[in-house]
1. Taking only pairs six or more apart or across chains, which ones have beta-carbon atoms under 6 Å, a first residue in the range 84-98 that is closer than 15 Å to E44 by Cα, and a second residue that is part of a loop (DSSP other than H, G, I, E, B)?
2. Could you list all residues from the range 28-68 that are without any contact (Cβ under 8 Å) to a residue 24 or more places away in the chain and closer than 24 Å to D13 by Cβ?
3. Give the residues of the range 43-68 that are surrounded by 13 or more Cβ atoms within 10 Å (Cβ to Cβ) and either at pLDDT below 95 or not in a helix (DSSP H, G or I) (or both), sorted by residue number.
4. State which residue pairs qualify: first residue over 20 Å from F52 (Cα atoms) and inside the range 1-27, second residue of a type in the set (F, W, Y) and open to solvent by 40 Å² or more (accessible area, probe 1.4 Å) in any location, beta carbons under 7 Å apart, and separation of 6 or more residues or different chains.
5. State which residue is least open to solvent (accessible area, probe 1.4 Å) when the search covers only the range 69-86 and only residues that are away from the ligand (no atom under 16 Å from the Cβ) and in a loop (DSSP other than H, G, I, E, B).
Amino acid sequence: MRRYGENFFWFGDVPALAVITCRKPPAFLQMAMGDKAALLWGGELSAAMAAFALLLAAQTLDLGACCLTGPLSVWREMETRLDIPKHDTLVLLAALGHKKDA
Ligand SMILES: Cc1cc2nc3c(=O)[nH]c(=O)nc-3n(C[C@H](O)[C@H](O)[C@H](O)COP(=O)(O)O)c2cc1C
């Protein structure tokens, strides 16, 4: 587990880090739909689609890009440090930089 966890926190030195968030479902939807509210709301799905577009754009620019959800293992701390507003949720990070062999 410790070794696996090493994949979560290597991003400290990356040249650029995209922080991808989405709006949480509104309270009425959470009350009506319970744990399916987020799925119906589609925020995380939209964020994933945005991340995909970002990765494709990076590739077009010949940049290296890497999706990271490992940092969500400490999501509360990440959201505090990144100053994510209370009505939003952190979905993933995307590390961006020039490739070593570029
Ligand atoms: C949703 C998602 C989350 C990921 N989270 C991490 C992560 O936290 N740490 C990590 O080192 N790699 C993570 N990866 C893997 C890398 O983003 C990347 O896909 C992997 O290193 C393979 O890269 P390559 O396809 O360029 O060889 C994740 C991949 C995906 C799709």
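The values are calculated or read from the model by the stated rules, or taken from the named source; none is laboratory data. Please read all numbers here as calculations on a predicted model, not as lab measurements. Positions of Cβ are generated from backbone atoms using ideal geometry, with glycine treated the same way; all protein chains shown enter the neighbour counts. Calculation scope for accessible area: heavy atoms of the full protein, side chains included, ligands and nucleic acids excluded. Shrake-Rupley method; radii C 1.70, N 1.55, O 1.52, S 1.80 Å.
1. From residues that are closer than 15 Å to E44 by Cα, the pairs are H87/K24; T89/K24; L90/I84; L92/T69.
2. Answer for the range 28-68, where residues must be without any contact (Cβ under 8 Å) to a residue 24 or more places away in the chain and closer than 24 Å to D13 by Cβ: A57, Q59, L61.
3. L63, G64, A65, C66, C67, L68
4. P25/W41
5. I84
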